[in-house]
Structure formats: C-alpha cells, structure tokens
DNA sequence: TGTATATGATCCCGATCGGGTATAAAATAG
DNA sequence: CTATTTTATACCCGATCGGGATCATATACA
C-alpha cells in the first residue's frame, strides 16, 4: 500500500465521506477512488492531486522511510 | 513546476547524467524524462517512481508548502 | 561547432478511467 | 436474529490518453 492510499482512506473516514461522495467532490470517478485507496501503482498524477487537494495536500518527493 | 521536476533535474545534473542516460537507466523513454522535468501534470505514478527510485526517493503525500 | 535540451507532430499499443452492473460485506432497522 | 439499506469490491466495455519511438526544428551552452 502506498502512502496516500492509507492517508486518503483515513482522512475520508474522519470527515465522514463515502467513496462515492469523495469521488464526486474531487471530480473523479468512483472507480478511481477505489483504485487509489487500494494502492494501485499506475494511477495518473493529476488525478491523485485532484483528490489530495481536497485535504490541502499534494504529491511530492519523499524518502523511502515515510 | 512540481516538486520532483526540480528535484530530478538537479539530481541528474549533480551526478552528471544526460536525459537520455537517465531515461535508459530508469527504463523509461526520453520523452518521459523531458515531460517529467518540464512539470507535466498527467504523468503516471509508477513511471515517476521508477525514476525517483534511482535516487532513493519515491512519491508521497506532502503539504502545499513544500 | 557539436552536444544537450525543448517543443511539436505523427503513429501505435496498451492502460487508465468512467459508467454500468453484479456481488459481497458491513451497518442499521424492525 | 432476520431484513433492508448502505458501503465496498470485482468485472466488462468503450472512449480517451499516456508513453514509446521517430523525425524535424529551434535554442542554449560548453
């Protein structure tokens, strides 16, 4: 599982959103949210950022250790 | 410009690699390296990680302020 | 001058993404 | 403890797009 998979799944739950609600809020498909939370590796960067931006975050360079 | 665009361009130069050499080392196309360093938004995550891993880094969640 | 880089235009293959649907699991109601 | 609803997972399909390869041109730089 990647880094944002966990981050997003937890954040979504703490704010009480369903996957479907998050999808429509972020302007992406439900399938994408599911792939994302499932840790799919080959997602598109802009789509991931589209979702992360709802939580004031974005994709960036990090070390292997979290 | 995104975060890894700058990071990768600088790293590549400090280790003395051309875009072409980096591309073949990372197993991606030259065009991808160029798009990457130019900050293209819609790249695929796995490919970006493929390149970042050469420098012991990966893609992760970060704040808007770097 | 030659080398590295940037940008644009194709073509082509394969994957992503979204929509729909069917199903499974979890939560809630009766 | 069941029945119903909600939420999550899995699969197929079709349109779209990424990315590799290649050629061409333009610019920056050593």
Residue among B:49, B:65, B:3 that alone is under 22 Å from residue A:7 (Cβ atoms) and touching a residue at least 60 places away in the same chain (Cβ under 8 Å): B:3
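Whether any residue in the range A:52-66 is within 10 Å of DNA strand D (Cβ to nearest atom) and either loosely packed, with under 14 Cβ neighbours inside 10 Å or under 21 Å from residue B:35 (Cβ atoms) (or both) is what I want to check. If you could, list the steps in order and put the result at the bottom.
Quick first cut of the range A:52-66, residues within 10 Å of DNA strand D (Cβ to nearest atom) only: none.
Taking every residue of the range A:52-66 in turn, none turns out to be within 10 Å of DNA strand D (Cβ to nearest atom) and either loosely packed, with under 14 Cβ neighbours inside 10 Å or under 21 Å from residue B:35 (Cβ atoms) (or both).
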Quick one: which residue in A:9, A:57, A:40 is within 18 Å of residue B:60 (Cβ to Cβ) and within 8 Å of DNA strand C (Cβ to nearest atom)? A:40
When the range B:43-54 is checked residue by residue, the ones that are more than 13 Å from DNA strand C (Cβ to nearest atom) and more than 7 Å from chain A (Cβ to nearest Cβ) are B:51, B:53, B:54
Could you check the range A:26-46 and list, in sequence order, the residues that are in contact (Cβ under 8 Å) with a residue 24 or more places away in the chain, near DNA strand D (Cβ under 8 Å from one of its atoms) and over 10 Å from the mean Cα position of the chain (by Cα)? none
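Residues checked against (1) touching a residue at least 12 places away in the same chain (Cβ under 8 Å); (2) within 10 Å of DNA strand D (Cβ to nearest atom); (3) out of contact with any strand residue (DSSP E or B) (no Cβ under 9 Å at 6 or more places or on another chain); (4) assigned to a helix (DSSP H, G or I):
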{"position": "A:8", "(1), (2), (3), (4)": "yes, no, no, yes"}
{"position": "A:13", "(1), (2), (3), (4)": "no, yes, yes, yes"}
{"position": "A:17", "(1), (2), (3), (4)": "no, yes, yes, no"}
{"position": "A:21", "(1), (2), (3), (4)": "no, yes, yes, yes"}
{"position": "A:24", "(1), (2), (3), (4)": "no, no, yes, yes"}
Applying the selection to the range B:28-48, what residues are in a helix (DSSP H, G or I) and surrounded by fewer than 19 Cβ atoms within 10 Å (Cβ to Cβ)? B:30, B:31, B:34, B:35, B:46
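Only the coordinates and a few stated rules stand behind these numbers; no lab work does. This one's a predicted model, so the numbers in the text were calculated from it and none came from an experiment. With ideal geometry, Cβ positions are generated from the backbone for all residues, glycine too; neighbour counts draw on all protein chains shown.
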